[in-house]
Amino acid sequence: MKRYLTLFMALALSAPLFAQTTVRIASGLARPLFVTYAPGDYERIFILEQFEARVRVFNLVTNTLEATPFLDIDSIVVSSGNERGLLGLAFHPDYQNNHYFYVSYNDNSGTSVVARFTASDDPDSAIATTRFNILTQTQPFENHNGGCIQFGADGYLYFGLGDGGDGNDPQGNGQNHQHTAR
């Protein structure tokens, strides 16, 4: 154990522990917010565009951004405010078989929505008409809208809703334990 600790300390002192290199792989994206991949698919990454409300595909084999979006729901998503729009994307753990994926967004009325969609047989295309709303939650203000969605190791879908508050959280939502799902 001591040897590993010494090695860790030597590495930490010789280079920044969290050093990162940023490499531009694509251009022409409108406010990219999140990047992920579908389980079992290591040839493509999916890029979420917040205000255009599109999910784009970047092909890692050809190093190209596909011209046609995987999903385009711009007509139902609000496109203003820094903390609204298309905010989250998560692929079902069994995506290879059921083709389900989930997005979180603020609809045109500002309501937070988590919806399930189904991808088509074409791996670069989803079927927008398969939308099935899982959850809707009105928001009291236009900011502090969370949107991160992820599947946990337990197979459940988790959603970070945000406190829905304005500056300084005037309704105290962020401190209210009764709003916590149990």
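The values are calculated or read from the model by the stated rules, or taken from the named source; none is laboratory data. These numbers come from a predicted model, not from an experiment. No Cβ is skipped: glycine too gets one built from the backbone with ideal geometry, and neighbour counts run over all protein chains shown.
Can you find a residue in region 84-99 that is among the acidic types (Asp, Glu) and modelled with pLDDT under 95? Spell out how you get there, then give the answer.
Applying the first criterion (among the acidic types (Asp, Glu)) to region 84-99 yields 94.
Cutting the leftovers down to modelled with pLDDT under 95 gives us none.
Within region 84-99, none of the residues are among the acidic types (Asp, Glu) and modelled with pLDDT under 95.
For region 59-79, the set of residues classified as surrounded by fewer than 20 Cβ atoms within 10 Å (Cβ to Cβ) and part of a strand (DSSP E or B) consists of ASN59, THR64, LEU65, ASP72, listed by residue number. ILE134 fulfils the conditions (1) closer than 19 Å to VAL57 by Cα; (2) of a type in the set (Val, Ile, Thr); (3) in contact (Cβ under 8 Å) with a residue 24 or more places away in the chain except for a single criterion, (1).
One residue stands out in region 107-161 among those that are assigned to a strand (DSSP E or B) and charged (D, E, K, R): the one that is modelled with the lowest pLDDT, namely ASP107. The set of residues from region 80-111 being crowded, with 20+ Cβ neighbours inside 10 Å and charged (D, E, K, R) comprises just one member, ARG84.
Select, from GLY85, GLY165, the only residue that is under 17 Å from the mean Cα position of the chain (by Cα) and either under 16 Å from GLU49 (Cβ atoms) or touching a residue at least 24 places away in the same chain (Cβ under 8 Å) (or both). Result: GLY85 is the single residue among GLY85, GLY165 that is under 17 Å from the mean Cα position of the chain (by Cα) and either under 16 Å from GLU49 (Cβ atoms) or touching a residue at least 24 places away in the same chain (Cβ under 8 Å) (or both).
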